[in-house]
1. List pairs: first residue in the stretch 128-151 and over 19 Å from residue 79 (Cβ atoms), second residue surrounded by 14 or more Cβ atoms within 10 Å (Cβ to Cβ) anywhere in the structure, Cβ distance under 7 angstrom, at least six positions apart or on different chains.
2. Hey, can you tell me all the residues within the stretch 1-47 that are part of a helix (DSSP H, G or I) and among the charged types (D, E, K, R)?
3. Which one is farthest from residue 180 (Cα to Cα) among residues in the stretch 1-42 that are among the aliphatic types (A, V, I, L, M) and open to solvent by less than 80 Å² (accessible area, probe 1.4 Å)?
4. Restricting the stretch 49-62 to residues that are buried (at least 22 other Cβ atoms within 10 Å of the Cβ) and not aliphatic (A, V, I, L, M), which is farthest from residue 25 (Cα to Cα)?
5. Just a yes or no: is a residue in the stretch 34-55 over 24 Å from residue 84 (Cα atoms), basic (Lys, Arg) and without any contact (Cβ under 8 Å) to a residue 12 or more places away in the chain?
6. Quick one: residue 65 ticks every box in (1) touching a residue at least 40 places away in the same chain (Cβ under 8 Å); (2) of a type outside the set (A, V, I, L, M, F, W, C); (3) at positive phi except a single one, so which number is it?
7. If I filter the stretch 146-153 for residues that are charged (D, E, K, R), modelled with pLDDT of 95 or more and open to solvent by less than 70 Å² (accessible area, probe 1.4 Å), do I get at least one hit?
Amino acid sequence: MFGTFDIRTEEMPSEMRILLNEYPRDNWEAHPGFKEKTRHWLGAHQMFRQLAQITRKETERFLDKSRAAGDFAVQLSYYGDALVRNLRGHHSWEDHSYFPELSAADPRFEAGLEILEKDHEALDVVLNSFAKTANQAIKLVQLDKKQAREVAGNLHSVAETIEAFLQRHLSDEEELAVPIILHHRLRG
């Protein structure tokens, strides 16, 4: 699935997940340091997962001819744009604001930060490919539906890559950041 993209597939090293043992995911919301800002950040991550799934499923519906070409173009334009634009904005904010705050609070975040920033760079490459291919498919819907389906096949592969990448990356990011937030009572 990641064949044409240089994307990390292994989990975060266990030494970067030390605080996760002390603050397991199942207990986050009950922790007194779990505040609304952290809930919103995790909510944004859930939205990205859902948008990635929607774009993949909409592409599958077009490919199996259960979604009309025009409807596919509208859905892809709306959800694909929301996915790309919001992910880029979110990662920019993390890189310039959120991650420096976590690094300042706990030096253990630094090693994971390097991995997460490389992930963001790799994801930008995938998002560029997705946007280019999606725009091509949307244009071809009006010009040549057969060719649009061929391009949608390529798009489906990129959409699967984004979806799988986000599942791993966002979980790693959450499991690195939230225990630090809870441990130091940040973002209150």
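The values are calculated or read from the model by the stated rules, or taken from the named source; none is laboratory data. Everything quoted here is computed from the prediction, not taken from an experiment. As a convention, Cβ positions derive from the backbone with ideal geometry for all residues, glycine included, and neighbour counts pool all protein chains shown. Ligands, DNA and RNA are stripped out before the accessible areas are found, and what is left, the full protein with its side chains, is counted by its heavy atoms. Shrake-Rupley method; radii C 1.70, N 1.55, O 1.52, S 1.80 Å.
1. Filtered contacts from the stretch 128-151: 145/69; 147/140.
2. From the stretch 1-47, those part of a helix (DSSP H, G or I) are 14-22, 25-27, 36-47; that's our starting set.
Passing the criteria: 15, 17, 22, 25, 26, 36, 37, 39.
3. Initially, the stretch 1-42 is screened for residues among the aliphatic types (A, V, I, L, M), giving 1, 7, 12, 16, 18-20, 30, 42.
Next cut, open to solvent by less than 80 Å² (accessible area, probe 1.4 Å) only: 7, 12, 16, 19-20, 42.
On the way: 7: 25, 12: 15, 16: 11, 19: 7, 20: 9, 42: 14 Å.
Among those residues, the one meeting the criterion is 7.
4. Step by step, filter the stretch 49-62, then rank; the result is 62.
5. So far as the stretch 34-55 goes, no, none of its residues is over 24 Å from residue 84 (Cα atoms), basic (Lys, Arg) and without any contact (Cβ under 8 Å) to a residue 12 or more places away in the chain.
6. Among (1) touching a residue at least 40 places away in the same chain (Cβ under 8 Å); (2) of a type outside the set (A, V, I, L, M, F, W, C); (3) at positive phi, the lone unmet condition for residue 65 is (1).
7. Yes; the residues of the stretch 146-153 include at least one that is charged (D, E, K, R), modelled with pLDDT of 95 or more and open to solvent by less than 70 Å² (accessible area, probe 1.4 Å).
This table checks each residue for (1) within 16 Å of the chain's Cα centre (by Cα); (2) polar (S, T, N, Q); (3) under 30 Å from residue 148 (Cβ atoms).
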position	(1), (2), (3)
29	no, no, no
47	yes, no, yes
64	no, no, yes
68	no, no, yes
85	yes, no, yes
94	yes, no, no
108	no, no, no
111	no, no, no
